[in-house]
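This report refers to the structure that appears directly beneath it.
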Amino acid sequence: MSTEETNGFSAPNEDANVAGADSTESAPVGQAAGQSENNDTAPGADDAAQASSEATTDDMSAFEDQVEDSDLAKALERIAAVEDQLARANAELYNQGQEYANYVRRSKEAIPGHKTAGQDDVIESLISVLDDIAAARAHGDLQDGPFASIATKLEDTLKTRFELERYGAAGEDFDPALHDALMATTSADVDHPVIGQVLTSGYRRGDRVVRAAKVLVNNPE
């Protein structure tokens, strides 16, 4: 085979190779064109996505408005009502606590007065007994003996434990706050009202009169 035949036989291969090479080299150009077309359509897709997002946002806003107008509004009303009831309950509880505290304070302050009042009731019931003891002593019936001892002990106990004191004697100045004048006479021996005679002894606890003394008063002429 000659060189030309050889060359003539191999030439198509070379041409084919060249053609293949051209096609190979031209492929990226097509791909680039496709990519260029894809790049040209990208902005439109972005606009569609943005429009879809805006539509979703509008739908959510409408839903929230609807909920706010119905269930949410009712829930807020119930919360407000419960808060109002709680505030009223707290205020009522506070007032009751203050009333109880004031009651306890007043009760503690009144205890001494109630105690004194109870003692006074007992003492007043014993005053008639003390009058009988004083009368028996004045007549000489309590000079000695067991009853005289009991009478003295009773009087001493009332004086030391309850500050009960018998008062009223002839010759003392008349005091309307301490003495009840049942009778009155005039006397040249006095220049102001004085007690001429004690008809019934008086009793007092400290500065408080339990029973005023009943007396006869001598007034100046």
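The values are calculated or read from the model by the stated rules, or taken from the named source; none is laboratory data. Model, not experiment: these values are computed from the prediction. Backbone-built Cβ (ideal geometry, glycine too); neighbour counts: all protein chains shown. Remember, those area values only see protein heavy atoms, side chains included, never the ligands or the DNA or RNA. Shrake-Rupley method; radii C 1.70, N 1.55, O 1.52, S 1.80 Å.
Rolling a 1.4 Å probe across all protein chains gives residue 79 an accessible area of roughly 90 Å².
Take the Kirkwood radius over Cα pairs of the stretch 82-123, plug it into Stokes-Einstein at 37 °C and 0.692 mPa s, and you get 259 µm²/s for translational diffusion.
Calculated FRET efficiency, residue 93 and residue 208, Cβ-Cβ r, R0 35 Å, to nearest 0.05? That pair, residue 93 with residue 208, gives E of 0.25. Within the shell of other residues whose beta carbon sits under 11 angstrom from the beta carbon of residue 193, the net charge comes to -4, with Lys and Arg scored +1 and Asp and Glu -1. Label-to-label distance, residue 76 versus residue 167, with points set 7 angstrom from Cα along the beta-carbon direction: 7.8 nm.
For the stretch 84-221, the Kirkwood hydrodynamic radius comes to 18.8 Å, computed from all pairs of different C-alpha atoms. Across the stretch 154-221, the volume of the C-alpha convex hull divided among the residues equals 77 Å³ per residue.
Within the straight-line cut-off of under 18 Å between alpha carbons, the lysines reachable from residue 115 are 159, sequence neighbours fewer than 8 places apart in one chain being disregarded. Across all directions, the average flat footprint of the convex hull enclosing the Cα atoms of the stretch 75-145 is 7.5 nm².
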